[in-house]
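Working notes, beginning with the structure itself.
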Amino acid sequence: MDFTELTIKSASELLAHKKISAKELGQMSLKRIKEVDDKLHAFLYVAEKEAMEQAEKADQLIADGENFSLTGIPYAVKDNILVKGMQATAGSKILENYKATYDATVIKKLNEELPVMMGKTNLDEFGMGSSTENSAFGPTKNPYDLSRVAGGSSGGSAAAVASGEVLFALGTDTGGSVRQPASFCGIVGLKPTYGRASRYGLIALGSSLDQVGVLAKTVEDTATVFQIVAGQDDHDSTSLSKPVPDYDKFLKEDLKGLKVGVPKEYFIDGMDPEVAEIIKNAIKTAEELGAVVEEMSLPHSSYALACYYVILPVEISANLSRFDGIRYGLSVGGNSLEEVYYKTRSAGFGPEPKRRIMIGTYASSAGYFDAYYKKAKQAQQLIRKDFTDAFEKYDLMLTPTTPIPAFKFGEKSDPLSMYLADVFTVGLNIAGVPGLVIPAGLTKSGLPVGVQLVANHFAEEKLFMAGHALEKSLNLKLKTNL
Ligand code: GLN
């Protein structure tokens with residue numbers, strides 16, 4: 001049996017039929033991590049001992065016949081999500097020695113089914129970036145081409161799934177951090193509706209934009225994990241109590257009668273022609289499956305990036321103020337409280353958090369607030385209305401995920417060109433709507449390209465439905481050479 005070929009679905013069938021044990025699956029995952037992670041650097045921490053203990057408990061559950069769809073399934077968690085007793089660095093020196101004191105709600109929920117957590121994955125510092133080059137612990141490489149980035153900020157989670165180290169992973173998505181690395185690594189990535197899942201126990205980046213996301217090999221696997229992760233949580237007042245539907249029921253094989261909009265603003269100058277070609281082929285496939293596809297407009301799209309890069313830094317400057325050398329992680333001594341703050345932050349934060357803290361503090365300070373933050377919040381309303389108006393007419397939208405496939409290390413060395421990598425993903429976070437990325441093809445040089453499906457608030461089931469049908473029809477069978 002080739003571990004790298006398994007999905008959650010096939011592995012849980014093997015477990016249920018006692019063809020394999022959770023312990024054996026966990027060992028296969030560890031073996032694969034040992035084989036390839038020196039090259040990839042997807043993991044910041046491999047939880048060998050903890051995983052084996054959890055696998056034993058999973059085997060007990062299976063022996064008692066009380067297993068669930070995720071029991072015994074090896075997975076990984078982005079290192080900005082809290083797992084009690086384990087490191088949670090958020091990719092930053094400032095939290096290098098910090099250990100989580102409680103489980104994030106999403107971890108707690110997963111633990112009820114006893115999947116096996118293999119470790120914590122790499123990310124851009126606090127989630128700021130699109131390549132994991134901003135991780136204080138070194139970048140993650142793309143499993144399809146080691147000279148290229150895995151994307152970011154959940155690059156470690158994406159590379160871990162794509163290379164077959166684990167069967168699924170959790171990430172977070174504030175502006176594209178699940179969808180963009182999923183696209184770069186040839187896997188499925190879901191960013192849910194804002195408020196659909198709990199943020200309790202995520203190290204906050206932009207609290208009004210952050211959502212936990214799922215990275216997996218198939219749409220069906222993604223839906224299986226999200227079924228557990230979704231739902232209201234008393235610890236997060238922004239999570240909503242709308243009932244979570246049974247996503248499984250929506251996995252159909254055609255798109256008959258579905259109205260799909262293709263926003264013309266998402267096909268821009270400078271877009272890689274191979275990416276455009278692959279997205280056009282996905283549109284054609286959707287039509288063949290019975291969807292009615294139409295070009296349409298999201299007129300305020302061009303403001304999304306500017307709006308995001310004001311709102312997010314303002315929230316960052318507030319959220320990161322807790323890292324001051326007193327309560328969490330790194331503390332550099334000094335003669336006064338101010339000196340401790342100053343020295344700790346100077347030593348602990350990398351250049352990107354420093355840059356965004358400065359931008360955010362400036363944009364929200366007296367005298368500038370109206371011109372920047374208030375303006376950005378007004379633009380947010382227009383962008384949000386573009387989406388909700390469009391969903392009166394369309395069930396879904398279909399767009400590219402990024403203008404280019406995975407780029408080379410160092411290629412986007414100025415911050416602005418890195419920010420531009422998020423041009424098609426940030427709009428969804430600004431509007432709060434969900435998005436699903438599925439692999440749509442490979443470039444001639446063998447780099448994966450994902451297509452992004454967008455649905456209205458709380459309509460994740462439509463994403464799974466269309467994603468599943470497209471995935472079956474495209475039938476890509478992607479595999480790395482690792
Ligand atoms: N690349 C985006 C940024 O740097 C996305 C971040 C995210 O989704 N966490 O802000």
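Could you tell me which of the residues D422, D414 is within 15 Å of the ligand (Cβ to nearest atom), without any contact (Cβ under 8 Å) to a residue 12 or more places away in the chain and of a type outside the set (S, T, Y)? Step through it out loud before you land on a result.
Values: D422 fails: without any contact (Cβ under 8 Å) to a residue 12 or more places away in the chain.
Answer to the check: D414.
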Quiz item: In segment 423-467, what residues are closer than 17 Å to L258 by Cβ and surrounded by fewer than 24 Cβ atoms within 10 Å (Cβ to Cβ)?
Solution: N456, A459, E461, K462
Exercise. Collect the residues in segment 199-232 that are within 16 Å of the ligand (Cβ to nearest atom), of a type outside the set (G, A, S) and farther than 18 Å from P74 by Cα, keeping them in residue-number order.
Key: R199, L202, I203, L205, L209, D210, Q211, V212
Quiz prompt | Among (1) part of a loop (DSSP other than H, G, I, E, B); (2) touching a residue at least 24 places away in the same chain (Cβ under 8 Å), the one test that G333 misses | solution = (2)
Quiz item: If you check every pair at least six apart or on different chains, which have Cβ atoms under 8 Å apart with a residue in segment 280-297 that is under 17 Å from M465 (Cα atoms) first and a residue that is at pLDDT 95 or above and among the acidic types (D, E) second?
Solution: V293/E287
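Of all the residues that make up segment 276-301, how many are part of a helix (DSSP H, G or I) and closer than 15 Å to P400 by Cα?
Start the filter on segment 276-301 by keeping residues that are part of a helix (DSSP H, G or I), which leaves 276-288, 301.
From the residues that got through so far, the ones that are closer than 15 Å to P400 by Cα too are 276-286, 301.
Residues in segment 276-301 being part of a helix (DSSP H, G or I) and closer than 15 Å to P400 by Cα: 12 in total.
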Quiz item: From L470, L463, which residue is touching a Pro at 6+ places or on another chain (Cβ under 7 Å) and either more than 19 Å from A230 (Cβ to Cβ) or part of a helix (DSSP H, G or I) (or both)?
Solution: L463
Quiz item: Which of (1) within 16 Å of the ligand (Cβ to nearest atom); (2) under 17 Å from F458 (Cβ atoms); (3) among the basic types (K, R) is the odd one out, the single condition R179 does not satisfy?
Solution: (2)
Quiz item: Filter segment 100-148 for residues that are aromatic (F, W, Y) and more than 16 Å from the ligand (Cβ to nearest atom); which is farthest from G410 (Cα to Cα)?
Solution: Y102
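For S208, state whether it is out of contact with any Leu (no Cβ under 6 Å at 6 or more places or on another chain), touching a residue at least 40 places away in the same chain (Cβ under 8 Å), part of a loop (DSSP other than H, G, I, E, B) and on the phi < 0 side of the Ramachandran plot. Steps first, answer last, please.
Numbers: out of contact with any Leu (no Cβ under 6 Å at 6 or more places or on another chain): yes; touching a residue at least 40 places away in the same chain (Cβ under 8 Å): yes; part of a loop (DSSP other than H, G, I, E, B): yes; on the phi < 0 side of the Ramachandran plot: yes.
Criteria met by S208.
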Exercise. Among the residues of segment 172-205, write down those that are closer than 18 Å to Q232 by Cβ, in contact with a strand residue (DSSP E or B) (Cβ under 7 Å, 6 or more places away or on another chain) and in a loop (DSSP other than H, G, I, E, B).
Key: P192, Y194, R196, S198, R199, Y200, G201
Exercise. Can you run down the residue pairs with Cβ atoms below 6 Å, 6 or more apart or on separate chains, where the first is in segment 25-40 and of a type outside the set (F, W, Y) and the partner is at pLDDT below 95 and surrounded by 17 or more Cβ atoms within 10 Å (Cβ to Cβ)?
Key: V36/L482
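The values are calculated or read from the model by the stated rules, or taken from the named source; none is laboratory data. Computed from a predicted structure; not experimentally measured. Positions of Cβ are backbone-derived with ideal geometry, glycine not excepted, and every protein chain shown enters the neighbour counts.
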